[in-house]
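Heads up, the thing below is written out as structure tokens.
Read the figures in this text as sums done on the coordinates, not as results from a lab. For clarity, every value in this text was computed on a predicted model and none was experimentally measured. Cβ placement follows ideal geometry from the backbone for every residue including glycine, while neighbour counts extend to all protein chains displayed.
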Amino acid sequence: MNKFVAVFFAAALALALNACGDNGKAFSRGMLPWELYEDAGTGSAAGALGAYLVKHGRLSPAHTLNILQGEEMGRPCHIEVEVTQSGKKLVPRVSGAAVKVFEGTIQI
């Protein structure tokens, strides 16, 4: 079984990935750089990760990458990423379900 390990930075978030083999599955942790908080599901980093894997030949364009994140914190999040390619341009499409955990308003 081939293992590929990367640390990915997107929107001030470090996403650690351990993708096993060529089955299009990844298990990830989203560690935030402040305090000791962890993100249960990070769509922006997942999309960037999918594009990175396609660019480096670890994922074929138009194949689905299934990411499981948040399981260790009891909030499993299943994210699917599909990356299309047009020339050198990579376009990730991220999908999954979401649950509202809080709501707020900021007044400026």
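Hand me the list of strands (runs of 3 or more DSSP E) wholly inside region 44-108 holding 2 or more residues that are over 19 Å from Lys25 (Cβ atoms). It would help to see each step written out before you state the result.
Values: elements: 64-69, 77-86, 89-95.
The strands (runs of 3 or more DSSP E) meeting that bar are 77-86, 89-95.
Across region 53-77, what is the total count of residues that are under 28 Å from Tyr37 (Cβ atoms) and out of contact with any Leu (no Cβ under 6 Å at 6 or more places or on another chain)?
12
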